[in-house]
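Engineer: I have a structure I would like to understand better, so I am pasting it below and will then ask my questions one at a time.
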Amino acid sequence: MSDAILASAIGVSGTILGILIGWLLNRLTVNHTVKQQEFYKAAAAFRAAFADEYRTLKAVVRPEDVEDGLVQTTLANAAAKHENACILFCPYLTGKRKQQFNQAWRDYVCPEGGDVAELPSPFIDYYQETRPDISIKLALKKLDRLMEFAKPI
């Protein structure tokens, strides 16, 4: 009879252990899925915040025909919207990715380097009176770099 009791105890213990492991794996999977869905929503909102300006710059066919300061004006007019998008998106990044994202933001605002806080106006580095094509390419390159952080993981 003691063998039967031992076998029953082992069976019950195994069942309980299996249930606990299944429950734990389910919790981990659900948490990961929820975090992933939250990231996707935040990333979509982030990308949408830049869409109008990206489309404006991408639509330029003949850079020589654009008005002086188009890039600077376009980006400066959207500065608050873009900064807010960064503030809202940044918490969904961690560790090194967050540091890289913050550096990409600084590079976007001030592509020539230097301190963003010391600029006379946002995006002044994009002002190219004689070569707007360079400004457009540079701005699109910096925008593409920022958008890399909002790609699905």
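Engineer: Residue 96 is checked against (1) within 23 Å of residue 35 (Cβ to Cβ); (2) in a loop (DSSP other than H, G, I, E, B) and fails just one. What number does that condition carry?
Structural biologist: The number of the failed condition is (2).
Engineer: Taking the stated definitions as given, is residue 120 at pLDDT 90 or above, open to solvent by 50 Å² or more (accessible area, probe 1.4 Å) and at negative phi?
Structural biologist: Answer is no for this residue.
Engineer: Those residues that are free of Cβ contacts under 8 Å to residues at least 60 places away in the same chain, farther than 13 Å from residue 146 by Cβ and either open to solvent by 90 Å² or more (accessible area, probe 1.4 Å) or outside any helix (DSSP H, G or I) (or both), I need them from region 43-83; list them, please.
Structural biologist: Once the filter is applied, which keeps residues that are free of Cβ contacts under 8 Å to residues at least 60 places away in the same chain, farther than 13 Å from residue 146 by Cβ and either open to solvent by 90 Å² or more (accessible area, probe 1.4 Å) or outside any helix (DSSP H, G or I) (or both), region 43-83 yields 55, 59, 61, 62, 65, 67, 77.
Engineer: Another question about this same structure. Taking into account only those residues within region 1-15 that are open to solvent by 90 Å² or more (accessible area, probe 1.4 Å) and at pLDDT 70 or above, which is farthest from the chain's Cα centre (by Cα)?
Structural biologist: 3
Engineer: Among the candidates 108, 40, which residue alone is within 22 Å of the chain's Cα centre (by Cα), buried (at least 16 other Cβ atoms within 10 Å of the Cβ) and touching a residue at least 12 places away in the same chain (Cβ under 8 Å)?
Structural biologist: Going through 108, 40 in turn, the sole match is 108.
Engineer: For region 21-28, state whether one or more residues are open to solvent by less than 60 Å² (accessible area, probe 1.4 Å) and either within 22 Å of residue 111 (Cα to Cα) or modelled with pLDDT under 90 (or both).
Structural biologist: yes
Engineer: OK, next. Considering region 64-116 alone, what residues qualify as being in contact with a Leu (Cβ under 7 Å, 6 or more places away or on another chain) and not hydrophobic (A, V, I, L, M, F, W, C)?
Structural biologist: If the condition is that a residue be in contact with a Leu (Cβ under 7 Å, 6 or more places away or on another chain) and not hydrophobic (A, V, I, L, M, F, W, C), then 74, 108, 111 are the ones that fit.
The values are calculated or read from the model by the stated rules, or taken from the named source; none is laboratory data. These numbers come from a predicted model, not from an experiment. A quick note on method: Cβ atoms are made from the backbone with ideal geometry, for glycine too, and the neighbour counts reach across all protein chains shown. The protein model used for the area step is the full one, side chains on, heavy atoms only, and it has no ligands, DNA or RNA in it. Shrake-Rupley method; radii C 1.70, N 1.55, O 1.52, S 1.80 Å.
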